[in-house]
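Okay, structure first, notes after.
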Amino acid sequence: MIQQAFRVFGDGAQLQGRSDLSVVHDSSVGDTLLTGQWAHESLESARRISASIIKELQDETEVLDLLTGIREPAEQAVERLTSPVSVAACFRFASTTFQGLRFLRLVGLAQFGEPDLLVEIEDDIREEQVLELMGHLGHYRLTSNRRLAPGEAIPYGYWLLSVASERLYETFPRLPAAEELAQAYQLAIEWGLVLPPPNFLIEAKDPQRIGEDDWVVGASQALRVLDLQRDAHERIAAICEVDVPFCEPAFSQEPVMLCSRVTSTDDFFGHRMVLGPDGTTGWQFGCHDPEHEHDQTTMAFGVLAQVANTDHRLVQYLGLPPGWSVSREKDGFWLNPPGEERSFKDEGSAERKPWCRIEGNE
Ligand SMILES: [Zn+2]
């Protein structure tokens, strides 16, 4: 289901409702409420329908998008609602501190009839890191058409994220209830609608072992990994963005090609191929044994965590973009940039487990 809702301040008496979008005038305050629900329209077309009505207002009339909390003049609202769907046009981020804990909320999932998403930010994590992650998740929701709902696994690079169900409160008693947190945000945004309390983002304790209780609140481990990948790029002067193998439109459940010996051999290499339309990560890993031919009989699909768990130091290189190769030798990690014949040794390879707090508390 797709829904839209707007409050028009002090104007809108001339607006006429349609079969799919209702217009209610509140004569006591002079405001107008527009609400619509669509079972079969895309978000894009629902937004366009809303824009076609808002367009009839005076350009400077204030309009509050009740599902994102964005307040803007009608002219800007029309421009935003008719622009291509993107994180910037469809969502908003809000941060708050509640009972000494920091949270960031991805606001706007109610457009899909889903609760918003909250992530707890631990002390050693910067808010920009979380903003970027939440932006990825918003993009994932817009492009993959997968719900950010409890039970859905969301791959994030080497990591696995998910959304918590009600059971979370029994497992993590220190966490405030989502209703209380929703209240904390509501005061800031002045929502005009009652929306379901948000869900919490959680992450796997260990991406290779995922049982019902193998989750923790937040996304700090995934973000520390991403940070370490950025450090590696800086150190080896890779002139490229960290390319998180994640959120491709057609996300594949089996995003890596692995040689059958790769998890049992001392030396192995990884090469990141150019991404195909299938949305795989592009990574292929194999042993160095020249006798072991890498073909259909020896190569199989696997997940990044399988090979990364053989050596946690490998994780820092997994964000390298297509064209790069990494090789684990007896003396450390060797890297080969795209189009270059010679490899070089990464002298600064980080030893610590990339998902642990920098202070060293495990
Ligand atoms: Zn092999």
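Taken together, the values in this text are just the output of simple stated rules run on the coordinates, not laboratory data. Everything quoted here is computed from the prediction, not taken from an experiment. Ideal geometry is used to build each Cβ from the backbone, glycine not excepted, and the neighbour counts take in all protein chains shown.
Assorted remarks:
- For q = 0.12, 0.21, 0.25 Å⁻¹, Debye-computed log10 I/I(0) when each Cα of segment 2-85 counts as one equal scatterer: -0.29, -0.92, -1.32
- Degrees separating the helix 127-144 axis from the principal Cα axis of the chain, which is the longest one: 80
- Tilt relative to the chain, helix 43-54 - C-alpha long axis, 0 to 90 degrees, to 10: 30
- Cβ charges +1 (Lys, Arg) and -1 (Asp, Glu), total dipole of segment 76-150, debye: 380
- The peptide list 143-152, 78-87, put in order of mean Cβ contacts within 10 Å with the highest first, becomes 78-87, 143-152.
- Longest to shortest principal axis, alpha-carbon extents of the chain, angstrom: 81, 42, 35
- Nearest 10 degrees, 0 to 90: helix 178-189 Cα axis against the chain principal axis: 60
- Panel order for Thr265, Thr68, by other beta carbons found within 10 Å of each beta carbon, from fewest to most: Thr265, Thr68.
- Using the Cβ-Cβ distance between Glu44 and Asp331 with R0 set to 56 Å, the FRET efficiency from 1/(1 + (r/R0)^6) comes to roughly 0.55.
- Dipole magnitude (debye, nearest 20) for the chain, charges at Cβ of Lys, Arg, Asp, Glu: 260
- For segment 91-218, the fraction of alpha-carbon pairs in successive 10 Å shells from zero, as %: 12, 47, 36, 5, 0
- For segment 276-341, the equivalent ellipsoid derived from the alpha-carbon gyration tensor has semi-axes of 18, 17, 15 Å in decreasing order.
- For segment 86-129, the Cβ-based charge dipole about the Cα centre amounts to some 240 debye (Lys, Arg positive; Asp, Glu negative; other atoms uncharged).
- Each other residue within a Cβ distance under 12 Å of Leu335 adds +1 if Lys or Arg and -1 if Asp or Glu, for a net charge of +1.
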